[in-house]
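Below is one structure, written out as structure tokens, with a few remarks after it.
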Amino acid sequence: MAFNLLKGKRGIITGALDENSIAWKVALRAHEEGATFVLTNAPIAMRLGEINKLAEATNSKIIPADATSVEDLTKLYTESMEHLGGKIDFVLHSIGMSVNIRKNIPYTELNYEFYQKGIDVSALTLHKMLAVAHKLDALNEHASVVALSYIGAQRVYPFYTDMADIKAMLESIARTFGYHYGKSKKVRINTVSQSPTKTTAGGGIKGFTDFYDFAQMQSPLGNASAEDCANFCVALFSDLTKMVTMQNLYHDGGYSTTGVSSEQLEALQK
């Protein structure tokens, strides 16, 4: 059901790789709610994904951009404003990558070159996207920026290795830039800490299926789906959340505040 929550709003959505991506679901819901937007991803990711199908379904333009490049981001914002006919009202940062996780390198033995690459791609891209937008005055007053995070930034999950540190940095950037952008342009910046979600990226983490089941057992409402996350992001993009900023918002069915569930205790007794 659509409510025209984003009617007349213009946006930029990053990271839609395939139909399993949270960013893909966000794009579909934003379109349903009346938004127009540009889709963007790194050129190599676009070759691997199916973003053209999403662009056709949402009547959106694709502007390739390497989010680690200030030059590419400047081009992205400039061309997006030209195409959409004005400043940007919402941005989704859905960019994350860990070579250390892909190669199953344990936290105590991290490859630091891979570690720095992960920081650049998964955290500094948010700072760069915000800094370039600020310099270009590309965001409207009361615009909303949402970055996808994970509770591994607060708690230790051994399998999450360097991404735990990187997500903590991402959330810190959102808070600090949220202060400065709030003062200057009333722009709000938040991170969403989503449940384990069966996406292409999530499926690449060793032991993901077992942990998905563990979180499902712990969460009173169960794990939040990608579709549910898209609904939440749309709410954060809308004018209904104008006073919400600098927050890390848990969207996890109650997982983050549940110590242990009766189902988990019963499983241990078997």
Can you find even one residue in region 203-223 that is in contact (Cβ under 8 Å) with a residue 12 or more places away in the chain, out of contact with any Gly (no Cβ under 9 Å at 6 or more places or on another chain) and among the acidic types (Asp, Glu)?
-> no
Residue that is buried (at least 19 other Cβ atoms within 10 Å of the Cβ) and at pLDDT 95 or above, where the choices are Val234, Val244 | Val234
Cβ-Cβ below 6 Å, separation at least six or inter-chain, first residue in region 14-29 and over 17 Å from Val121 (Cα atoms), second among the aliphatic types (A, V, I, L, M) and part of a loop (DSSP other than H, G, I, E, B): which pairs?
-> Trp24/Ala16; Ala27/Ala16
Taking region 104-126 only, how many residues are more than 21 Å from Asp66 (Cα to Cα), surrounded by 12 or more Cβ atoms within 10 Å (Cβ to Cβ) and touching a residue at least 40 places away in the same chain (Cβ under 8 Å)?
-> 3
Which ones in region 53-89 are among the hydroxyl-bearing types (Ser, Thr, Tyr) and either assigned to a helix (DSSP H, G or I) or more than 20 Å from the chain's Cα centre (by Cα) (or both)?
-> Thr58, Thr74, Tyr77, Thr78, Ser80
For region 233-251, indicate whether the set of residues that are under 29 Å from Leu265 (Cβ atoms) and part of a helix (DSSP H, G or I) is non-empty.
-> no
Tyr212 modelled with pLDDT under 95 and either out of contact with any His (no Cβ under 8 Å at 6 or more places or on another chain) or not in a helix (DSSP H, G or I) (or both) | yes
Test: Leu148 is closer than 21 Å to Asp66 by Cα, of a type outside the set (Ser, Thr, Tyr) and touching a Ser or Thr at 6+ places or on another chain (Cβ under 6 Å) | yes
Just name the residue that is surrounded by the fewest Cβ atoms within 10 Å (Cβ to Cβ) out of those in region 30-52 that are at pLDDT 95 or above, more than 15 Å from the chain's Cα centre (by Cα) and not acidic (Asp, Glu).
-> Gly34
Qualifying residue in region 65-77 (condition: at pLDDT below 95 and either over 26 Å from Ile166 (Cα atoms) or crowded, with 20+ Cβ neighbours inside 10 Å (or both)) = no
Conditions (1) within 23 Å of His134 (Cα to Cα); (2) touching a helix residue (DSSP H, G or I) at 6+ places or on another chain (Cβ under 7 Å); (3) surrounded by fewer than 19 Cβ atoms within 10 Å (Cβ to Cβ) -> Ser256 fails only (1)
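The values are calculated or read from the model by the stated rules, or taken from the named source; none is laboratory data. These figures come from a predicted structure and were not determined experimentally. Every residue, glycine as well, gets a Cβ built from its backbone with ideal geometry; the counts of neighbours run over all protein chains shown.
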